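Please read the structure below before turning to the comments.
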Amino acid sequence: MKLKNAWPKYYKKGVVTHYCPGCGHGIVHRIVAEVLEELDLGKSAICVNPAGCAVLAYLYFDFDVIESAHGRGTAIATGVKRSRPDLFVFTYQGDGDLSAIGTAETIHSANRGENICVIFINNAVYGMTGGQLAPTTLLDMKTTTTPLGRDPKYDGYPLHITDVVAQFPGVVYAERVAVDGPAGIRKTKKAITNAFKTQVDGLGYSIIEVLSPCPTNWKLSPVDSFKWVTEVMTKEFPLGVLTDKRTRKE
């Protein structure tokens, strides 16, 4: 029996996804669709997709999506928002896309205070291409390119890019959350809602970093992956609001 007023109404297609069991992308997709509907933004929304596991997100979102070159999401979003300020524009990017090849675009769009939203999925690994070292890979974490674990002498330290851009005057709202259980999912939805409202109010740049499980490349079960986010990832990447300068412009 179909429930009255059940999700999704409009903005997330009811199709089987390509994501691995236990992957956090599907959870965040659902949250995005819900928030767009609750804020009545879906009909004017433009999502800029990344290269990476979410490269096919347009198959699941029932609103307009642009596919960007790897790492160029915020540059594309800047162009769309500046040419069509009436649209609601956000990027959906992974840690390799946003904090490796896309570092320059991320840094400078944030520094300019572009009136866009960035949803940053951090699973500490290159998910789509085989589980290689990412800028956000934790120390001692094993990947296909660091089989003995990340060694800071050779590989550097995990990059806290959200903490970096949160210091810029043009960044109005930045928060780190995790989809590691029901409480985390509720906080993620609240954070994305705050970020989306920041753009609607014309206040400037917002970024939400979401710690997300990757069972396949972590070589853990889905349940253990969620525990790893809670018990390990959050120690390196503490959750919480990093900056909040929201004031409504009259």
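Just so you know, all these numbers are worked out from the coordinates, no wet-lab data involved. Predicted model only: the values in this text are computed from it and were never measured. Neighbour counts run over all protein chains shown; Cβ positions are idealised from the backbone, glycine included.
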Item checked: Ranking of 146, 137, 78, 17 by count of other Cβ atoms within 10 Å, fewest first -> 17, 146, 78, 137
Next item on the list: Taking the Cβ of each residue in 53, 20 as the centre, tally the other Cβ atoms inside 10 Å and list the residues starting with the fewest.
Entry: 20, 53
Notebook entry, point to check: What's the local net charge at residue 52, with K and R +1, D and E -1, over the other residues with C-beta under 9 Å away?
Noted result: -2
Next item on the list: Could you pull out every one of the aspartates and glutamates with an alpha carbon less than 17 Å from that of residue 235, ignoring same-chain neighbours closer than 8 positions?
Entry: 140, 163, 175, 180, 209, 224
Next item on the list: Name the residues whose placed amide hydrogens come within less than 5 Å of the amide hydrogen of residue 212, ignoring near sequence neighbours (fewer than 5 apart) on the same chain.
Entry: 122, 123
Next item on the list: Fewest Cβ neighbours within 10 Å first, please rank 180, 86, 40, 97 accordingly.
Entry: 86, 40, 180, 97
Item checked: Local electrostatic count at residue 230 - Lys and Arg +1, Asp and Glu -1, tallied over other residues with Cβ under 13 Å -> -1
Checklist line | Mean shadow area of the chain over all directions, Cα convex hull, nm² | finding: 13.4 nm²
Margin query: Please give me the summed charge of the neighbours of residue 147: other residues whose Cβ is under 14 Å from its Cβ, Lys and Arg +1, Asp and Glu -1.
Written below: 0
Notebook entry, point to check: Under a 5 Å amide H to amide H cut-off, with H placed in plane at 1.01 Å, what residues pair with residue 61 once short-range neighbours are removed?
Noted result: 13
Item checked: Phi to ³J(HN,Hα) by Karplus 6.51 cos²θ - 1.76 cosθ + 1.60 over segment 146-163, Hz, x for Gly, Pro -> 9, x, 9, x, 5, 10, x, 5, 10, 10, x, 10, x, 8, 9, 6, 5, 5
Notebook entry, point to check: Looking at this model, which pairs from 197/227; 142/190; 153/187; 43/189 are more than 24 angstrom apart at the alpha-carbon?
Noted result: 197/227; 142/190; 153/187
Note to self: What's the magnitude of the charge dipole for the chain around its Cα centre, counting Lys and Arg as +1 and Asp and Glu as -1 at the beta-carbon? Answer in Debye, nearest 20.
What the structure shows: 540 debye
